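Working notes, beginning with the structure itself.
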Amino acid sequence: MNEKLFAPGARVAFLGDSITHAGRAVTCIQKYYLEHFPERKVKVYNCGIGGDTAAGCIERIDYSLHMCEPTEVVIMFGVNDLHAGYYRPDASPEQLEKNLAIRHRHTENMAKLVRLLSERGLPVTLCSGVGRDGFTPGETDEVENAAGMSDALALAYAENRQVIPGLKNTVDYRTPFQALQQACVARGLPSLFQPDRTHPNALGQEMMARIFLAGQGLPVLLPTAEDFAEGYREPAFSPELSDLCRRGANLADIAFIYPHQARRCPDMDLSARIAYWQAEAEKLTADTPSDKYMRNMIRNYIERAPGEEELQAAYRAAVDALYS
């Protein structure tokens, strides 16, 4: 029996940062279980929070688990924990020493997070980050910075695997994802990353799902660069799965505020928090991508937070309906 598979009847929470938050990989994994193991009735939930870290997840563990009351958990953190901007090729010896300390602290936080989940009786699958895009041509420093961050994430994952006991499974995203990205760039094919070099695009998210399923021992193959050159396109979702992905993304948009909220206004009630974020949005007057993104996420929070419990219930009902 394949013990790496999700158990029959499992409710699986995917915890992570904005890469998990994006949701398509999670929905692709649900699609596979629905089509190949319908008798298992596995239900997966996108509990990613943009900008989150292992330390942040520890602080909000009850909030993250409340949405679906999972029986298993998948975790992937790293990019925000290690701070991509620190991996410049001209980093000073002092900065390199600081980077090492940050990486070790990340490992400590990941071990603590797994311990908290295990104490709740939740089997944990640990995933590496995908790394950053160090292959697409651009400014030399930008490319070297991305490559340095990818190497740091690989080291962090290796340390996590070594020191964290009791894991159900581990999935190395980075090695196959980076190899495929390198092959695509070498052949002038579309990237698996968005232009920020950090977030996988829709095709990259599907490749993540395939890597994850292969990491569970399933007969899932990654398309090659040659397949992409011949016009490979990711499969479309059914209307039900598209709706599921949208519902999960809506909840993730609300949750995006929580890392900021926990630091700025932890003791306010909902009305006070909404007023606080309205005021914060009015301060974001620049037309930069970061300000635009934050304004949009604040708007989503203000619109949806009052009905969060209802949205969560509707999301759970939509997952349940897959097997009705």
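The values are calculated or read from the model by the stated rules, or taken from the named source; none is laboratory data. All figures in this text were calculated on a predicted structure; none of them were measured in a lab. Here the Cβ positions follow ideal geometry from the backbone for every residue, glycine too, while neighbour counts run over all protein chains shown. In case anyone asks, the SASA skips ligands and DNA or RNA and just uses the protein heavy atoms, side chains included. Shrake-Rupley method; radii C 1.70, N 1.55, O 1.52, S 1.80 Å.
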* **Surface/4 estimate of mean projected area, convex hull on alpha-carbon atoms of the stretch 101-241, nm²** => 10.4 nm²
* **Cα gyration tensor category, rounded, prolate or oblate, for the stretch 200-259 with a/c compared to 1.5** => prolate
* Rounded to the nearest 10 Å², the accessible area of residue 41 at probe 1.4 Å -> 100 Å²
* Shape category assigned to the stretch 87-137 from the gyration tensor of Cα positions, a/c cut at 1.5 -> oblate
* Residue-level accessible surface for residue 197, protein heavy atoms, 1.4 Å, Å² -> 10 Å²
* Asked: Ignoring ligands, DNA and RNA, what percent of the 1.4 Å accessible area of the chain is carbon and sulfur?
  -> 53 percent
* Structure fact -> Dividing the helical contributions, -39500 (n - 2.57) per DSSP H run of n ≥ 4, by the residues of the chain yields a 222 nm value, nearest 500 deg cm²/dmol, of -17500 deg cm²/dmol
* Structure fact -> Computed over the chain, the relative contact order (Cα-Cα under 8 Å, seq sep at least six) in percent reads 19 percent
* Asked: Of 251, 284, 203, which is the most mobile in a GNM of the chain whose springs link Cα atoms less than 10 angstrom apart?
  -> 284
* **Global geometry of the stretch 226-269, whether rounded, prolate or oblate, following the gyration tensor of its Cα atoms and the 1.5 cut on a/c** => oblate
* Structure fact -> Karplus ³J(HN,Hα) for the stretch 277-285 (6.51 cos²θ - 1.76 cosθ + 1.60, θ = phi - 60°; Hz, whole; x = Gly/Pro) runs 6, 4, 5, 5, 5, 5, 7, 8, 9
* To do: Could you sort out which of 41/168; 31/283; 41/292; 43/283 sit more than 31 Å apart by Cα distance in this structure?
  => 31/283; 41/292; 43/283
* the stretch 17-27 - phi-based ³J(HN,Hα) in whole Hz, Karplus 6.51/-1.76/1.60, Gly and Pro as x -> 9, 5, 5, 6, 3, 4, x, 5, 4, 4, 5
* **Probe 1.4 Å, accessible area per residue of the stretch 152-203, Å²** => 46 Å²
* Structure fact -> Counting only residues 5 or more apart in sequence or on a different chain, those whose built amide H sits under 5 Å from that of residue 41 are 9
* Can you list the aspartates and glutamates whose alpha carbon sits under 13 Å from that of residue 4, skipping same-chain ones fewer than 8 residues off? -> 72
* Structure fact -> Ignoring ligands and nucleic acids, residue 282 exposes an accessible area, probe 1.4 Å, in Å² to the nearest 10, of 140 Å²
* Can you give me the relative contact order of the stretch 220-324 as a percent, contacts being Cα pairs under 8 Å and 6 or more apart? -> 39 percent
* For the chain, just the Cα set please: Rg and Dmax, both in angstrom. => 19.5, 59
* What would the Debye formula give as log10 I(q)/I(0) at q = 0.13, 0.20 Å⁻¹ for the alpha-carbon point model of the stretch 1-146, no solvent? -> -0.66, -1.20
* **Protection proxy ranking of 7-19, 54-66 - average other beta-carbon atoms within 10 Å, highest first** => 7-19, 54-66
